[in-house]
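Structure first, then comments.
Values quoted throughout were computed directly from the atomic coordinates according to the rules given, and no laboratory measurement underlies them. The structure presented is a predicted model; accordingly, all values stated were derived computationally and were not measured. Here Cβ is always computed from backbone atoms with ideal geometry, including for glycine, and neighbour counts include all displayed protein chains.
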Amino acid sequence: MEDFGFNKDEVRFIAKYKPAVLLNQDNTETGLHALKTYFVDTHGFSMELVRTLVVKFPVILSKDIAHIESVFSLLQSKASIDREEAMKLIFECPKLLSINLEANMNEVFFLFDLYFKISQEDVVDEIFKKFPYLFCCDTTKMQSFLGHFRKYRFSNPQILALAAQSGGLLACKPSNFVGMFDYLKINYAIKASEVV
């Protein structure tokens, strides 16, 4: 672990969440050596970035390189996101490595198209790149939000802005969102679409 620049507190943290990695450091498919080979040697990312990603998301130590590569490939093929930008998004939301990303992307794209005819490209460019957690959100909650967006007659630009700039609105409770807009309408006669 010292070879990779981890300090004692970081090693303790990693040992707490992924203790097996300490005993299995030489595995070529998972673990630190595999991550270093893949990210640093093969793709030119810094070891500092890899080290920070491991501390931020110790579960990455159990992900095999083929799986990690499949996430990068999927982001490239379905969302036209290059490796550099994909790494930034994964760094912001490492959970992208732990979900069924393809199924989640398909579901999210379907919902935005179904409710508002918002294109896949707009979902990626206007929401996902600003809110990388998008494909990790509960799609049942997302359906509820999209239904409320329709109820409040939000325009597509309003929806894109709200979903991207709301600090994770789509991951919150829909009732909080609805309560605020209903309160404004009842008490102040302010329409939701006037606030967004």
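Below are the figures for this structure:
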quantity	calculated
Net lengthening on full extension, residue 148/residue 77 (0.36 nm per residue, minus Cα-Cα)	22.4 nm
Region 106-148-region 30-51 distance, computed between alpha-carbon centres (Å)	31
Nearest-ten-degree value, helix 65-79 long axis tilted from longest Cα axis of the chain	30
Dipole magnitude of region 2-97 about its Cα centre (Cβ charges: Lys, Arg +1; Asp, Glu -1), debye to nearest 20	400
Paired Rg and Dmax values of the chain, which use every Cα atom, in angstrom	20.0, 65
Tilt relative to the chain, helix 83-92 - C-alpha long axis, 0 to 90 degrees, to 10	80
Among 6-17, 144-155, the order from most to least packed when residues are scored by Cβ within 10 Å on average	144-155, 6-17
Estimated dipole of the chain in Debye, rounded to 20 [Cβ of Lys and Arg +1, of Asp and Glu -1, Cα centre]	920
Gyration tensor over alpha-carbon atoms, region 101-195, equivalent ellipsoid semi-axes in Å	23, 13, 12
For region 2-97, alpha-carbon Rg relative to the globular expectation (2.2 N^0.38 Å, N residues)	1.04
Acute angle (nearest 10 degrees) that the helix 139-151 long axis makes with the longest principal axis of the chain, alpha-carbon atoms	30
For region 101-195, size of Cβ-based charge dipole, Lys and Arg +1, Asp and Glu -1, in debye	440
